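Before any comments, here is the structure.
The values are calculated or read from the model by the stated rules, or taken from the named source; none is laboratory data. Everything numeric here is computed off the predicted structure, so don't read it as measured data. Glycine gets a Cβ as well: all are built from the backbone with ideal geometry, and neighbour counts include every protein chain shown. Protein only, heavy atoms only, side chains kept; ligands, DNA and RNA dropped before computing areas. Shrake-Rupley method; radii C 1.70, N 1.55, O 1.52, S 1.80 Å.
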Protein chains: 2
Amino acid sequence: MSKGNKITIHDISKALNIDSSTVSRALNNSPRVSVKTREKIQKKATELGYQRNSLASNLRTNRTNTIGVIIPRIARHFFATVIAGIEETAYEEGYNVVICQSLESLDREIKIMNSLASNRVDGILISTSMETSKFDHIKSYIDNNNPVVFIDRPSEAFPECSNISIDNFKASYDATKLLIEKGRKHIAHFSGPQNIGLYQERKKGYMSALQEHNISINKNYIFESILSEEDGISCAKKLLKYPEIDGLYSANDTAAISAIQYLKTKGIQIPKQIAVIGFNNDPISEVIEPSLTTIHQPGFEMGKLATEMLVHQIKNKSDKGIHHSKILVPELIIRKSSENE
Amino acid sequence: MSKGNKITIHDISKALNIDSSTVSRALNNSPRVSVKTREKIQKKATELGYQRNSLASNLRTNRTNTIGVIIPRIARHFFATVIAGIEETAYEEGYNVVICQSLESLDREIKIMNSLASNRVDGILISTSMETSKFDHIKSYIDNNNPVVFIDRPSEAFPECSNISIDNFKASYDATKLLIEKGRKHIAHFSGPQNIGLYQERKKGYMSALQEHNISINKNYIFESILSEEDGISCAKKLLKYPEIDGLYSANDTAAISAIQYLKTKGIQIPKQIAVIGFNNDPISEVIEPSLTTIHQPGFEMGKLATEMLVHQIKNKSDKGIHHSKILVPELIIRKSSENE
DNA sequence: TTCAAAAATACAATCGATTGTATTTTTGTT
DNA sequence: AACAAAAATACAATCGATTGTATTTTTGAA
């Protein structure tokens, strides 16, 4: 017993002198087993401390009732909310969830995909890493007729795949427009890696807003980085070379926040001298002084929608060709860092 | 091929007219297969797009090379750092990690344990939920000779089990002592649920510091809650009924931070009127004004150590009786919220 | 009481990989 | 050339549960 020898249906079968197939059916509440027998079996099962071996079951049925999730980093607020949405829907639909973080490394992403694939998860939700410019690992998984839904970072490489994302262009356009409307004339942009479509869009939205308001684009005002905390500081340093800059739109909150803190130490008044807008609505954005105007992405809803799509694909593998995608509209949250008074 | 019929070793076996046992050994680099044959097999395997079925493999070998992790909430900074430590060590040791969050719900915790157990993870790292006062689910898992290591929230119910935690008493004692040394005479405490040992310890440390400095304990100054953001505000409200209070030690940062924000709106000067110390070193604690003095728990190290212990247990199931535990010393990080000038 | 239909249960193959044992092939020594 | 030892490969059982088919038992109508 406590020797670690797990109880199997065969042990129950022997103990009651009932065939293991009947035991299996009883434990699965099959109507093919009489109520009397079923109860006898279930009683014996708990008595012996039986616990189903999912490995065996999954091997036989060729399903795991498990969804794999690959995201860059679970600690990031946005992804944490996405996960919450995923788990809620998955739970409702009777699926388990395996969460894996690529830490923005392609190498890890590939290893994770292989592991999930070899463990035969029923489908994968993925937000690709910043490094991901090759897609062989995803392609071979999809080619093998496995369901995949992209989250937040849709991949141009798989136009036929479902993906759920937000309108980055519009959000950026609106944020930049707000700064312009507040009278800011020289607006800088902290931009992310341009191999990621989402950061391209954010830059485009910024540029488009300037153009449409007849403000010429100054390339010197665009600072590209991976938007880490350190990048926020170093970009802020560079930004100070242009004293005319009176506005900043950062493609994420992390960089915006560390920039604000750095600028404050340099005696710059926020928002009086430089108005700032971030992206993501991280919890810190509410607490920092001044509180940060930012863009809220509906992560929870995205997670829910993506999971619904994936589950649909899992259940209807046939119509996999159909392209179901959704682009949600993020919300501009106006706080003090962008206001004149 | 793209019909979703996965390639198995038997397909390779047939294609090359080599027995499947040899194929299996070749793919596992067994020395029992000649180099020539092995290369032929591996070439064919990649050619056919073979991918091992871990379900079958794990069923046969009775090992999954996977560690299950159950924690209350992955989004919490402390747990995020613990996970980072777990993943790093697990990765080095060749284990996969499955991360699950109980969301502080016993019901979910039980479901997760069953799922991990039935998927035959090799061992479990757990930080129990706030609701967990019954331990049957953990007991039966342990009784079945499965390795478990407790993290952060050691369980008195399993003195024979390994656990890795911090010295909550000392950390609290030191924090309270600091406030006393700064001349604070009326120190309040935001305390957590007392069914959790860790919060008991934090309260004891607080009380002990007061006693040893000849400050009488005023029960009215102790506010118990689950230390959520809302609790921070409501406890701060109650605290204002005692205008003599000039210091606050909160058992977590979340409540401390929302309290500070509330108190600021009421015109209370922090730290001048009330000095504040939190617990956890959440990222926000650095950004809030005034920056929050707090206690840093070595989450990363805890995750690493716990994983090392668990892996050791997995590899040496025999000496499971041996009790390996470690209590780490957290670090008091002094920022502005506790300083007089 | 008889017997066909329905219900309950048993039989046996299967999922895909692993592994102890048996057999065949190769090697090298005399 | 003969043959034992070593190397390489094949055979076959196994992990634990599921499931289509076959068999037995029960039910109830005539």
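Brief remarks follow.
- Relative contact order of chain B, defined on C-alpha pairs under 8 angstrom at six or more residues apart (%): 17 percent
- DSSP beta bridges in chain A [antiparallel fraction, %, rounded to 5]: 10 percent
- In Å², nearest 10: area of B:ARG63 left accessible to a 1.4 Å probe: 120 Å²
- Contact with the other protein chains removes 10 Å² or more of accessible area, compared with the isolated chain and a 1.4 Å probe, from these residues of the stretch B:73-98: B:ILE74, B:ALA75, B:ALA80, B:ILE83, B:GLU87, B:TYR91, B:ASN96, B:VAL97, B:VAL98.
- Spatially near lysine pairs across the stretch B:10-127, Cα under 24 Å, sequence gap of 8 or more or different chains: 5
- Surface listing: A:LYS139, B:LYS182 arranged by accessible area from highest to lowest gives A:LYS139, B:LYS182, probe 1.4 Å.
- The charge dipole of the stretch B:50-125, taken about its Cα centre with unit charges on the Cβ atoms of Lys, Arg (+1), Asp and Glu (-1) only, comes to about 320 debye.
- Between A:LYS204 and A:ASN5, the distance separating the two model label sites (each 7 Å from Cα on the Cα→Cβ line) works out to 6.6 nm.
- Spread of Cα-to-Cα distances over 10 Å intervals beginning at zero, given as percent, for the stretch A:9-52: 34, 62, 4
- Across the copies of the chain, B:LYS317 has label points (7 Å from Cα along Cα→Cβ) spaced 3.3 nm apart, shortest distance listed first.
- Amide H within-cut-off set for A:VAL276, under 5 Å, with H built and near neighbours excluded: A:LEU248, A:SER338
- Kirkwood-type hydrodynamic radius, the stretch B:1-128: 17.2 Å, calculated from all non-identical alpha-carbon pairs.
- Normalised per residue, the accessible area of chain A is 45 Å², obtained with a 1.4 Å probe and no contribution from ligands, DNA or RNA.
- Our coupling estimate for the stretch B:144-150, obtained by passing each phi through the Karplus curve with A = 6.51, B = -1.76, C = 1.60 and θ = phi - 60°, is 7, 6, 9, x, 9, 10, 8 Hz, Gly and Pro reported as x.
- Gain upon complete extension [B:LEU328, B:LYS272; 0.36 nm per residue less C-alpha separation]: 16.9 nm
- Rounded if a/c under 1.5, otherwise prolate or oblate - the stretch B:77-121, Cα gyration tensor axes: oblate
- Shielding by other protein chains, A:278-287, mean Cβ within 10 Å: 3
- Each Lys and Arg contributes +1 and each Asp and Glu -1, all at the Cβ; summed about the Cα centre of the stretch A:9-52, the dipole is approximately 140 debye.
- Pairs beyond 21 Å (Cα-Cα), from A:LYS266/A:LYS336; A:LYS272/B:LYS266; A:LYS237/A:LYS266; A:LYS182/A:LYS336; A:LYS272/A:LYS336; B:LYS241/B:LYS266: A:LYS272/B:LYS266
- Cα-Cα separations in the protein assembly as shown greater than 44 Å, expressed as whole percent: 32 percent
- B:ILE233 - accessible surface, heavy atoms, 1.4 Å probe, Å² rounded to 10: 60 Å²
- Placing dummy labels 7 Å off each Cα toward the beta-carbon, the span from B:GLU341 to A:LYS315 is 6.9 nm.
- In whole percents, the pair-distance distribution calculated for the stretch B:124-239 from its alpha-carbon pairs, binned every 10 Å from zero, is 13, 36, 29, 17, 6, 0.
- Label 7 Å beyond Cα on the Cβ vector: A:LYS111 copy-to-copy distances, nm: 3.1
- Across B:VAL23, B:VAL82, B:VAL121, mean-square fluctuation computed from a Gaussian network of chain B (C-alpha pairs under 10 Å connected) peaks at B:VAL23.
- Portion, in percent, of the accessible area of the protein assembly as shown that falls on carbon or sulfur, probe 1.4 Å: 50 percent
- Computed from protein heavy atoms with a 1.4 Å probe, the total accessible area buried between B and A is close to 4100 Å².
- Every helix of 4 or more DSSP H residues in chain A counts as -39500 (n - 2.57), and over all residues that averages to -13500 deg cm²/dmol at 222 nm.
- Chain B: most fluctuating residue of B:ASN214, B:ASN58, B:ASN195 per GNM, C-alpha cutoff 10 Å: B:ASN214
- Copies compared at A:GLU339 - label distances in nm, ascending, label defined 7 Å from Cα in the Cβ direction: 3.0
- Put a dot 7 Å past the Cα of A:GLU301, heading toward its Cβ, do the same for A:THR46, and the two dots end up 4.4 nm apart.
- Amide H contacts under 5 Å for A:THR128, placed H, 5+ residues apart: A:ILE151, A:ARG153
- Built amide H within the under 5 Å cut-off of A:GLN51, gap 5+: A:ILE7
- Residue with peak Gaussian network fluctuation, chain A [Cα springs, cutoff 10 Å], from A:ARG60, A:ARG120, A:ARG202: A:ARG60
- By definition, a body whose alpha carbon gyration tensor gives a ≥ b ≥ c is oblate when a/c is 1.5 or more and a/b is not larger than b/c, and the stretch B:185-275 fits this oblate description.
- Using every pair of separate Cα atoms, the Kirkwood estimate puts the hydrodynamic radius of chain A at 22.8 angstrom.
- Low-density loop positions, trypsin sites (Lys or Arg not before Pro), the stretch B:212-261 - DSSP coil, at most 16 other Cβ in 10 Å: B:LYS241
- Only one residue of A:ASN281, A:SER24, A:LEU240 has its Cα farthest out toward the positive end of the dipole of chain A, where Lys and Arg carry +1 and Asp and Glu -1 on Cβ, and that residue is A:SER24.
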